[in-house]
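The structure appears below as structure tokens.
The values are calculated or read from the model by the stated rules, or taken from the named source; none is laboratory data. Because the structure is predicted, anything quoted here is derived from the model rather than measured. All Cβ positions, even for glycine, are placed from backbone atoms using ideal geometry, and neighbour counts span all protein chains on display.
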Amino acid sequence: MAPQKHAANAMEIDRLATQLAKDPHSKAFLPLAEEYCKAGMWEEAVSVLEDGLKHYPGFITAMVVLGRAYDQLNQPNKARAVLEGAIKLSPENLRAHRTLIKIYAAQGLTQEALKSCRVILAMNPKDEEALSVQASLAVQERESASDRALPATQSPAPEAAKPAVDPTSESDTDQPSARLGQMTTDLRSETADARPSRVGDTIARLEAWLRTLERRRRDRSTSGTPAPNP
């Protein structure tokens, strides 16, 4: 707030507070609360409005300002309760509906938010804020309905476990080409099934077998035994 406006706001707050102190039953509590809101003094606004509404429980304008103050203090449930009370008394109160749209959307109450949008648009079909929110909520609602319509995904039936590869088997090391061909066939088959866990298992078995084969070749070269032909 600019210094001049801040000073004027402070003077008005002081004037209204003095007036309300002289007559606690005065409706001066509402303009005082609004000045507090302009200054961002939300707690002070709530205190004044709660006291004033005890004397004027059906004062719709005060209820709407209180709802906004609660919302600013991150108390959405209190804000929602008082604003819903306001629109029961005044169904076409646009200020109440604007704040309720924000609260409903944040709480996932899409239908309630859309209803408030429709009230605003019935009064002003070109209201840009309501049109934008309505479009966004409508998209979310369609996506949610689409998700609910999808059938439940069935988990694939468990498969019989394949026998573990014994990397020390002589048949594996003596016939590397045949074994490698078989494991490559397994890998291609499992990749085609698009099952990442099976592909990973096959790759791990293949890598372990190749490491063992290489180690045995080195051992045989060191001992003078000719390595098997790949």
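From the list GLU34, GLU12, GLU44, exactly one residue is of a type outside the set (Val, Ile, Thr), farther than 18 Å from ARG95 by Cβ and either within 34 Å of the chain's Cα centre (by Cα) or outside any helix (DSSP H, G or I) (or both). Which is it?
Working: GLU34 fails: farther than 18 Å from ARG95 by Cβ; GLU12 fails: either within 34 Å of the chain's Cα centre (by Cα) or outside any helix (DSSP H, G or I) (or both).
So the residue among GLU34, GLU12, GLU44 that is of a type outside the set (Val, Ile, Thr), farther than 18 Å from ARG95 by Cβ and either within 34 Å of the chain's Cα centre (by Cα) or outside any helix (DSSP H, G or I) (or both) is GLU44.
Where helices (runs of 4 or more DSSP H) sit wholly within segment 67-167, those with at least 2 residues that are out of contact with any strand residue (DSSP E or B) (no Cβ under 9 Å at 6 or more places or on another chain) and modelled with pLDDT under 90 occupy 128-149.
Of everything in segment 76-131 that is basic (Lys, Arg) and more than 22 Å from LEU66 (Cα to Cα), the residue that is surrounded by the most Cβ atoms within 10 Å (Cβ to Cβ) is ARG118. Scanning for something in a helix (DSSP H, G or I), farther than 23 Å from THR99 by Cβ and assigned by TED's automatic domain parsing to the domain that holds ARG95, does segment 22-29 turn up at least one residue? Yes, there is a match, as at least one residue in segment 22-29 is in a helix (DSSP H, G or I), farther than 23 Å from THR99 by Cβ and assigned by TED's automatic domain parsing to the domain that holds ARG95. Within segment 99-145, the set of residues being within 26 Å of TYR56 (Cβ to Cβ), in contact with a Lys or Arg (Cβ under 9 Å, 6 or more places away or on another chain) and not β-branched (Val, Ile, Thr) comprises LEU100, SER116.
If you go through segment 33-48 and keep only what is buried (at least 24 other Cβ atoms within 10 Å of the Cβ) and either over 17 Å from THR18 (Cβ atoms) or aliphatic (A, V, I, L, M) (or both), you end up with ALA33, ALA45, VAL48. Taking first residues from segment 85-102 that are assigned by TED's automatic domain parsing to the domain that holds LEU53 and partners that are hydroxyl-bearing (Ser, Thr, Tyr) and not in a helix (DSSP H, G or I), the Cβ contacts under 9 Å between residues at least 6 apart in sequence or on separate chains come to ALA96/SER90.
Pairs under 8 Å by beta carbon, first residue over 14 Å from LYS102 (Cα atoms) in segment 129-141, partner exposed (fewer than 15 other Cβ atoms within 10 Å of the Cβ), six or more apart or different chains? Within 8 Å, the pairs are GLU141/GLN111.
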